[in-house]
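Inspection log for the structure reproduced underneath, given as structure tokens.
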Amino acid sequence: MKAMDIYLQKAAQQCLNNGSRLTPKRKQILSILLIAKKAISAYELIDLYESKFEKKIPAMSTYRILEYLENMHLVHKIKIANKFVACAQVSGKGSHNLSQFLFCQQCQSVEELPISTSTYDELINKINKSGYQLCSQQIELSCLCNACSNSTTLSLKKHANINLG
């Protein structure tokens, strides 16, 4: 059995455990997100869906499916970019405890990393002491991944060595 089949089987079981089903279209959308190496917008997802499955999918259906997958904890919406990624738990790369998301501004890749309970509790304590109430426990950090950072550094060095005289 291929890894993708295992991930989708795990996702289908998670839906069943929550009293619903992973329909064929939901499964197709999730499979695209699992394959993707970066965060994807709903409209990018529509284009990929139509390219891969040679069928049209309305934007409203895509948004409903994404909302469903998010409610089932199979997908995360990266709010700083208005894009979506498959949950690391589905692909076996993590657990669905507290997470933070490292989002590369350049290549749009996302890394989901766990946060310790003590770190989270300390953060909540500081938020409360500051007179604020937490509305979402999702932490998103805007970053440059090492690959993009290295290519940016190389590009800057290359341009710095240009002789204008």
Item to check | GNM result for the chain, Cα springs below 10 Å: residue of LEU22, LEU48, LEU134 fluctuating most strongly | outcome: LEU134
Checklist entry - Stretch GLU70-SER116 to full length: gain in nm at 0.36 nm per residue minus the Cα-Cα span? => result 14.3 nm
Item to check | Matching label, percent of Cα pairs over 18 Å apart computed from the structure shown, candidates [x] 61; [y] 66; [z] 56 | outcome: [y]
Checklist entry - Among LYS25, LYS129, LYS56, which one moves the most in a GNM of the chain with springs linking Cα atoms closer than 10 Å? => result LYS129
Checklist entry - Amide H neighbours of GLN89 under 5 Å, counting only residues 5+ apart in sequence or on other chains, H built in-plane at 1.01 Å? => result GLY94
Next on the checklist: Suppose only helical runs count, i.e. DSSP H with n ≥ 4. What mean residue ellipticity at 222 nm does that imply for the chain under -39500 (n - 2.57) per run, divided by all residues and rounded to the nearest 500 deg cm²/dmol?
Outcome noted: -15500 deg cm²/dmol
Next on the checklist: Place a point 7 Å from Cα of CYS148 in the direction of its Cβ. Which residues in the range 18-53 have their backbone N less than 16 Å from it?
Outcome noted: 37-41
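In percent, what relative contact order does the range 3-160 have, based on Cα pairs under 8 Å that are 6 or more apart in sequence? List each step's numbers first, then the result.
Details: 182 pairs, mean separation 29.6, N = 158.
The normalised contact order for the range 3-160 reaches 19 percent.
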Item to check | aspartates and glutamates whose Cα lies under 19 Å from that of LYS52, excluding same-chain neighbours fewer than 8 positions away | outcome: ASP5, GLU44
Item to check | Debye, to nearest 20: dipole size of the range 4-72, +1 on Lys, Arg Cβ, -1 on Asp, Glu Cβ | outcome: 140
Next on the checklist: I need the phi-derived Karplus couplings for the range 105-120: 6.51 cos²θ - 1.76 cosθ + 1.60, θ = phi - 60°, integer Hz, Gly and Pro marked x.
Outcome noted: 5, 8, 9, 6, 6, 9, 10, 9, 10, x, 10, 5, 4, 5, 5, 4
Checklist outcome for this item: Computed on Cα atoms, the radius of gyration and Dmax of the range 32-101 in angstrom are 12.1, 37
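Write down the percent of antiparallel bridges among all DSSP beta bridges whose residues are both part of the chain, to the nearest 5.
If I count the DSSP bridges inside the chain, around 65 percent turn out antiparallel.
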Item to check | Gain in span if fully extended, ARG21 to LYS38, counting 0.36 nm per residue against the direct Cα distance | outcome: 3.5 nm
Next on the checklist: Filter LYS56/LYS83; LYS25/LYS77; LYS2/LYS79 down to the pairs with a C-alpha to C-alpha distance above 25 Å, please.
Outcome noted: LYS2/LYS79
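Values quoted throughout were computed directly from the atomic coordinates according to the rules given, and no laboratory measurement underlies them. The structure presented is a predicted model; accordingly, all values stated were derived computationally and were not measured. Counting neighbours? That spans all protein chains shown, and the Cβs are built from the backbone with ideal geometry, glycine included.
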